[in-house]
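A.B. asks: Here you go, one structure.
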Amino acid sequence: MKKVLLIAAAGVLLAPLASSQSRQTHELRLLPQHVHWGYYDATLKPVLRMASGDTVRVETMLAGGVARLRAAGVSDAEIPDSMKVVEAAVTERGPGAHPLTGPIWVEGAEPGDVLEVRILGFEFLHPFGVTGFIPGSGTLPDDFPYSRFKLFRFDTARGVTEFAPGITLPLRPFFGSIGVAPNPIVRRVSSGPPGHHTGNLDNQELTAGSTLFIPVHVTGALLSLGDAHARQGDGEVTLTGIETSVRGTVQVILRKGMRLNWPRAETPTHYIAMGLHPDLDEASKLATREAIDFLVMEKKLSRDEAYILTSVAIDLRVTQLVDGTKGVHAMIPKSIFAK
């Protein structure tokens, strides 16, 4: 498959990365036997087993699949053959729209543990992406009761794409969905709404150089990844970012003794606490509580002090409004702490 571009943590173009801390680097190619489409499920058989500290390069295809590319005007000759094969072969789909690569068994992972997923870099598997809207979805469904798709061609040398003459957007690829199997008692869950399994956060901060912390619910964790975006704005108001297909490189570290109820993240400049709920007000409350808990646990503040600091120094941002379960994330700047 053609390697188009790799964007690494420092924003430079490099060969694919393998951390010196990892014991082994695995490849998880885009093949039908590696893809489950539209759901997370504890009964899925793992397609790869890896040890804590290992690195894996994971190929994923865009949400909606090949049909979305064709709707945007991509010619058949431009679509990678591997995507056409997956599109034809993976017929069990839904209820979500996301082809997910995995699941990956992490040796030693048990319920109550945490996966630390270090996001190292991305390659685009094709130099274009698509966005748009469809009837009945997005933040303004009554205003736009029809469909429109827009194709973006990537300037891979400059790491940008042109929206329109005079409007140029930097490429900031990330996985919209990184999640583990939910508790077996809830059985299969849609790949659309995020939740305790993490999943479809659509958090644009999870670019190369960031780390996502995911609570584990089943033995082996069963980690899956997908829904790559070339870039997205907070809110994701139409339901889509610039949907694309990537090879993402991640290192997975098992954290015993770390306890989380909800996912958290970290970038070079911020700690990120998250709130997820169908009601945006409740999601905001959860993000605030998670930020307070972080400040109490990690920075040793009292709850009163943490609540006040959250008001004067921490930004609440709307992650996305359109996945059923809405997201709010609290951006906690590292610069305010002495260490």
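A.B. asks: So which residues in the range 108-128 are within 16 Å of Gly209 (Cβ to Cβ), among the hydrophobic types (A, V, I, L, M, F, W, C) and out of contact with any Gly (no Cβ under 6 Å at 6 or more places or on another chain)?
C.D. replies: Val117, Ile119, Leu120
A.B. asks: Say whether the condition of being outside any helix (DSSP H, G or I) and either of a type outside the set (S, T, N, Q) or over 20 Å from Thr198 (Cα atoms) (or both) is met by at least one residue in the range 285-292.
C.D. replies: No.
Let's see how each residue does on (1) modelled with pLDDT of 95 or more; (2) in a strand (DSSP E or B); (3) of a type in the set (S, T, N, Q); (4) closer than 19 Å to Arg247 by Cβ:
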| position | (1), (2), (3), (4) |
| --- | --- |
| Met83 | yes, no, no, yes |
| Thr91 | yes, no, yes, no |
| Pro95 | yes, no, no, no |
| Gly102 | yes, yes, no, yes |
| Ala109 | yes, no, no, no |
| Arg118 | yes, yes, no, yes |
| Phe122 | yes, yes, no, yes |
| Leu151 | yes, yes, no, no |
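A.B. asks: With respect to Arg231, is the statement that it is part of a strand (DSSP E or B) and among the basic types (Lys, Arg) true?
C.D. replies: No.
A.B. asks: Among the residues of the range 80-96, is any over 28 Å from Ser137 (Cα atoms) and in contact with a strand residue (DSSP E or B) (Cβ under 8 Å, 6 or more places away or on another chain)?
C.D. replies: Yes, some residue in the range 80-96 is over 28 Å from Ser137 (Cα atoms) and in contact with a strand residue (DSSP E or B) (Cβ under 8 Å, 6 or more places away or on another chain).
A.B. asks: Sticking with this structure for a sec: Taking the criterion of being under 21 Å from the mean Cα position of the chain (by Cα), assigned to a helix (DSSP H, G or I) and not assigned by TED's automatic domain parsing to the domain that holds Val35, would at least one residue in the range 248-265 satisfy it?
C.D. replies: no
A.B. asks: In the range 261-297, how many residues are free of Cβ contacts under 8 Å to residues at least 12 places away in the same chain and not basic (Lys, Arg)?
C.D. replies: Looking only at that region, the number is 4.
A.B. asks: If Pro268 passes every condition in (1) buried (at least 17 other Cβ atoms within 10 Å of the Cβ); (2) outside any helix (DSSP H, G or I) but one, which one does it miss?
C.D. replies: Every condition holds for Pro268 apart from (1).
The values are calculated or read from the model by the stated rules, or taken from the named source; none is laboratory data. As the structure is a computational prediction, the values presented were derived from the model and not from experiment. Every residue, glycine as well, gets a Cβ built from its backbone with ideal geometry; the counts of neighbours run over all protein chains shown.
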